[in-house]
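Colleague: First the structure, then my questions, so here it is.
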Amino acid sequence: MRFVHFSVLVCVALGSVPATATEPDAQTLVDQVVRAAGGEDKLLKLFRIKEQLSVGSDPDKKGKPRVSVIEPPAYWWIGKKQRDEDEPARYLAWAWTLGAVTDPKSKLEVLPEITEADKPAFGLRVSGSITPPMDLYFDKSDGRLLSIDWKSSVHRLSDWKEHDGVKYPAKCIGYKKKSNKPWYFSEILELERLEELPEGLAR
């Protein structure tokens, strides 16, 4: 009688089981979202926006348009006035321009998938370069940013447009986590990429 060693049988059995697909790592997902936005060389670094911002829960309330020059995350000028260093909007701009996920100082972690805006979404947690860590969720089908979960709010993005080869979300609604009610509405009416800092502004 012939005996086959148990370990051989186990190896054969394991070898016959199809390998499961591995989950994408953080860098693979970053590459995907950067391509979806137009490519790394097209990402916004310094730009001007005309924005309509309405603070409050009324979606029909129209805020007064304002013009900003932004170089996230360090600088945001409204007119010639620099916003405070701890202003959260500077880091939110850094997130939606994808600077937060492409910065070499950022540590990235893949998050479990969720449903956001009725779409399957994958997530990336950014830490190291930002405190507390920031969670970004992207549409699984096209790689576009759907929401930013940071501190006490969730910021939901929509109405994607294109300028000079880069795709960006023109609308954002901020929701308080505790109440799940909106507390601001923002719409980018105009966007312009800048090659240099406008006269009268200083870093």
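Colleague: Criterion first (surrounded by 13 or more Cβ atoms within 10 Å (Cβ to Cβ) and under 22 Å from the mean Cα position of the chain (by Cα)) does Ala74 satisfy it? Walk me through it before giving the result.
Modeller: Working: surrounded by 13 or more Cβ atoms within 10 Å (Cβ to Cβ): no; under 22 Å from the mean Cα position of the chain (by Cα): yes.
For Ala74, the condition - surrounded by 13 or more Cβ atoms within 10 Å (Cβ to Cβ) and under 22 Å from the mean Cα position of the chain (by Cα) - is not met.
Colleague: Further question: Test Arg90 against the stated conditions and say whether it is among the basic types (Lys, Arg), within 26 Å of Gln27 (Cβ to Cβ) and part of a strand (DSSP E or B).
Modeller: Considered against the rule, which asks whether it is among the basic types (Lys, Arg), within 26 Å of Gln27 (Cβ to Cβ) and part of a strand (DSSP E or B), Arg90 comes out as no.
Colleague: Something else about it: Using the structure shown, decide if Lys105 is over 20 Å from Lys161 (Cβ atoms) and basic (Lys, Arg).
Modeller: Values: over 20 Å from Lys161 (Cβ atoms): yes; basic (Lys, Arg): yes.
So Lys105 fits the description; yes.
Colleague: Let me ask you something else. Taking interchain pairs and intrachain pairs at least six residues apart, which have beta carbon atoms under 9 angstrom, with the first residue in the stretch 95-112 and in a loop (DSSP other than H, G, I, E, B) and the second among the basic types (Lys, Arg)?
Modeller: That search, which allows pairs on different chains as well, returns Thr97/Lys45.
Colleague: Report yes if Gly123 is assigned to a strand (DSSP E or B), more than 19 Å from Trp183 (Cα to Cα) and small (Gly, Ala, Ser), otherwise no.
Modeller: Criteria met by Gly123.
Colleague: Would you mind telling me which numbered condition in (1) at positive phi; (2) under 13 Å from the mean Cα position of the chain (by Cα); (3) aliphatic (A, V, I, L, M) Ala117 fails?
Modeller: All conditions pass for Ala117, except number (2).
Colleague: Of (1) open to solvent by 60 Å² or more (accessible area, probe 1.4 Å); (2) assigned to a loop (DSSP other than H, G, I, E, B); (3) farther than 20 Å from Gly39 by Cβ, Ser141 satisfies all except one. Which?
Modeller: (3)
Colleague: Out of all the residues in the stretch 171-181, is one or more small (Gly, Ala, Ser), more than 17 Å from Ser68 (Cα to Cα) and assigned to a loop (DSSP other than H, G, I, E, B)?
Modeller: So far as the stretch 171-181 goes, yes, one or more of its residues are small (Gly, Ala, Ser), more than 17 Å from Ser68 (Cα to Cα) and assigned to a loop (DSSP other than H, G, I, E, B).
Colleague: Additional query: May I ask you to verify whether Thr20 is open to solvent by 60 Å² or more (accessible area, probe 1.4 Å), at pLDDT 95 or above and of a type in the set (Val, Ile, Thr)?
Modeller: no
Colleague: Mind listing just one residue for me: the one in the stretch 164-177 that is farther than 18 Å from Glu116 by Cα and open to solvent by 50 Å² or more (accessible area, probe 1.4 Å) and, of those, farthest from the chain's Cα centre (by Cα)?
Modeller: Asp164
Colleague: Name the residues in the stretch 98-109 that are within 10 Å of the chain's Cα centre (by Cα) and surrounded by fewer than 21 Cβ atoms within 10 Å (Cβ to Cβ), would you? Steps first, answer last, please.
Modeller: Quick first cut of the stretch 98-109, residues within 10 Å of the chain's Cα centre (by Cα) only: 98-101.
Gly99 - this is the single residue of the stretch 98-109 that is within 10 Å of the chain's Cα centre (by Cα) and surrounded by fewer than 21 Cβ atoms within 10 Å (Cβ to Cβ).
Colleague: Given the conditions (1) open to solvent by 60 Å² or more (accessible area, probe 1.4 Å); (2) over 20 Å from His155 (Cβ atoms); (3) not small (Gly, Ala, Ser), and given that Lys62 satisfies all but one, which numbered condition is not satisfied?
Modeller: So Lys62 meets the others, but not (2).
Colleague: If Leu189 satisfies every condition in (1) touching a residue at least 60 places away in the same chain (Cβ under 8 Å); (2) surrounded by 15 or more Cβ atoms within 10 Å (Cβ to Cβ); (3) of a type outside the set (Gly, Ala, Ser) but one, which is the exception?
Modeller: Tallying (1) touching a residue at least 60 places away in the same chain (Cβ under 8 Å); (2) surrounded by 15 or more Cβ atoms within 10 Å (Cβ to Cβ); (3) of a type outside the set (Gly, Ala, Ser), Leu189 fails exactly one: (2).
The values are calculated or read from the model by the stated rules, or taken from the named source; none is laboratory data. What you see is a predicted model; the values in this text were computed from it and never measured. In this analysis, Cβ positions are derived from the backbone assuming ideal geometry, glycine residues included, and neighbour counts consider all displayed protein chains. The accessibility values were calculated without ligands, DNA or RNA, using every heavy atom of the protein model including side chains. Shrake-Rupley method; radii C 1.70, N 1.55, O 1.52, S 1.80 Å.
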